[in-house]
Amino acid sequence: MSITAALMVLSILALLDNGVMWIIAAALGTALIAIWVALKASWRRGTVREELEIWIDKVHLRRIDPDGSCQVWQANPYWVDVEMQQTGGPVPNYPTLCGRGRTVEIGSLLSEQARPELAQDLQDTFLSAVKRS
């Protein structure tokens, strides 16, 4: 945005002594504001958030989509299995949590290298939760 604004100001400076400068400045300013509003709307729509909370007796996964809708999954950590879907998911090496007769996907926003690390961390966490109970 800064580079775009700077280029717009440079083009206005070229017309500094011309009466048309104010018309062009208003048009460029309007275009700059429209670009900023469109980018903000795009960022807001593209935000997906996953929240995973693990207690000794409960696992709670909440996915909040860009439209504000919320999907919730809960299970007992003793019965939760962490699996890696090599293929067939929305992305390669996709970790899933299985429990209470349902399989849920987690970590789709992570890079391909980070997803196996997440799966290993989750397996370690669930093993330690089971040992404590």
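The values are calculated or read from the model by the stated rules, or taken from the named source; none is laboratory data. All values reported here derive from a predicted model rather than from experimental measurement. Glycine also receives a Cβ, built like all others from the backbone with ideal geometry; neighbour counts cover every protein chain displayed.
Couple of notes before you dig in:
- Entry remark, the stretch 10-46: residues being surrounded by 12 or more Cβ atoms within 10 Å (Cβ to Cβ) and not small (G, A, S) number 8 in total.
- Residue within the stretch 73-89 that is closer than 30 Å to A41 by Cα and of a type in the set (S, T, Y) present: no
- Inspection of the stretch 94-109 identifies at least one residue that is free of Cβ contacts under 8 Å to residues at least 12 places away in the same chain and in a loop (DSSP other than H, G, I, E, B).
- Residue pairs whose Cβ atoms lie under 8 Å apart, sitting 6 or more positions apart in sequence or on different chains, and linking a residue in the stretch 22-43 that is within 26 Å of P66 (Cβ to Cβ) to a partner that is of a type in the set (D, E, K, R), do not occur here.
- Residue in the stretch 30-47 that is in contact with a Lys or Arg (Cβ under 9 Å, 6 or more places away or on another chain), in a loop (DSSP other than H, G, I, E, B) and of a type outside the set (S, T, N, Q) present: no
- Within the option set E105, E117, E112, being surrounded by 12 or more Cβ atoms within 10 Å (Cβ to Cβ) and modelled with pLDDT under 90 holds for one residue only, E105.
- Residue check, L122 assigned to a helix (DSSP H, G or I), touching a strand residue (DSSP E or B) at 6+ places or on another chain (Cβ under 6 Å) and modelled with pLDDT of 90 or more: yes
- Restricting attention to the stretch 53-80, the residues being exposed (fewer than 15 other Cβ atoms within 10 Å of the Cβ), in a loop (DSSP other than H, G, I, E, B) and in contact with an Asp or Glu (Cβ under 8 Å, 6 or more places away or on another chain) number 0.
- Against the test of being of a type in the set (D, E) and assigned to a strand (DSSP E or B), the options E50, E112, E117 yield a single qualifying residue, E50.
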